1. Between Glu90 and Trp106, what is 0.36 nm times their sequence separation minus the Cα-Cα distance? Round to one decimal in nm.
2. Along region 89-99, what does the Karplus equation 6.51 cos²θ - 1.76 cosθ + 1.60 (θ = phi - 60°) give for ³J(HN,Hα), rounded to whole Hz, x for Gly and Pro?
3. Given a cut-off of under 8 Å on Cα pairs at least six residues apart, what relative contact order in percent is computed for the chain?
4. If each DSSP helix of 4+ residues adds -39,500 (n - 2.57) and the sum is divided by the residues in the chain, what number results at 222 nm, nearest 500 deg cm²/dmol?
5. Rounded to the nearest 20 Debye, what is the dipole magnitude of the chain about its Cα centre when Lys and Arg each give +1 and Asp and Glu each give -1 at the C-beta?
6. Looking at the calculated P(r) for the chain, what percent of the C-alpha pair distances fall above 25 Å?
7. I want the local charge near Thr92. Using Cβ-Cβ distances under 15 Å, sum +1 for each Lys or Arg and -1 for each Asp or Glu among the other residues.
8. Taking amide H positions as placed in the peptide plane 1.01 Å from N, state which residues far from Gly107 in sequence (5 or more) or on other chains have amide H under 5 Å from it.
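The values are calculated or read from the model by the stated rules, or taken from the named source; none is laboratory data. As the structure is a prediction and not an experimental result, all values here were calculated from the model. FYI the Cβ positions are ideal-geometry reconstructions off the backbone, even for glycines, and counts take in every protein chain you see. Side chains included, ligands, DNA and RNA excluded: accessible areas come from the protein's heavy atoms. Shrake-Rupley method; radii C 1.70, N 1.55, O 1.52, S 1.80 Å.
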Amino acid sequence: QVQFVESGGGLVQSGGSLTLSCAASGTIFTILRMGMGWYRQAPGKQRELVASITTGGSTNYADSVKGRFTISRNAAENTAYLQMNSLKPEDTAVYYCNGDSPFDSWGQGTQVIVSS
């Protein structure tokens, strides 16, 4: 089993930036073998994958965030990050990290609110 703790959310004005952090803990063998993903869930909407990174460092982004968000990971520290620039009100959501093929267990997430 792997657990995830997200942090770094907050209130920011449109056009601003935030960096989210994710700490993974659990079975080290599992963590080292898994890709990581950042997901978000806006009010009244389904959770969606916004960015993912493989163990080899290949990244993939949802069209809505491409060019504005950057995912990275530090395998040695079992952490992942999401640098978010040029934020828009529609980015407002609770952000979660998990494997790129997500586990059933989710963390509490971190709230991001972008004001217009």
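1. Values: separation 16, 0.36 × 16 = 5.76 nm, distance 2.25 nm.
Length gained, Glu90 through Trp106: 3.5 nm.
2. My calculation for region 89-99 gives x, 6, 7, 4, 4, 8, 9, 10, 10, 6, x Hz in order.
3. Details: 283 pairs, mean separation 42.6, N = 116.
RCO, the chain: 37 percent.
4. Details: 1 runs with 6 residues, N = 116.
After summing the helix terms and dividing by residue count, I get -1000 deg cm²/dmol.
5. On the way: 8 positive and 8 negative charges, 24 e Å.
Roughly 120 debye for the chain.
6. Details: 1024 of 6670 pairs.
Summing the P(r) of the chain above 25 Å gives 15 percent of all pairs.
7. Working: positive: Arg40, Lys45, Arg47, Arg68, Lys88; negative: Glu48, Glu90, Asp91.
Combined, the nearby Lys, Arg, Asp and Glu give +2.
8. Phe4, Cys97
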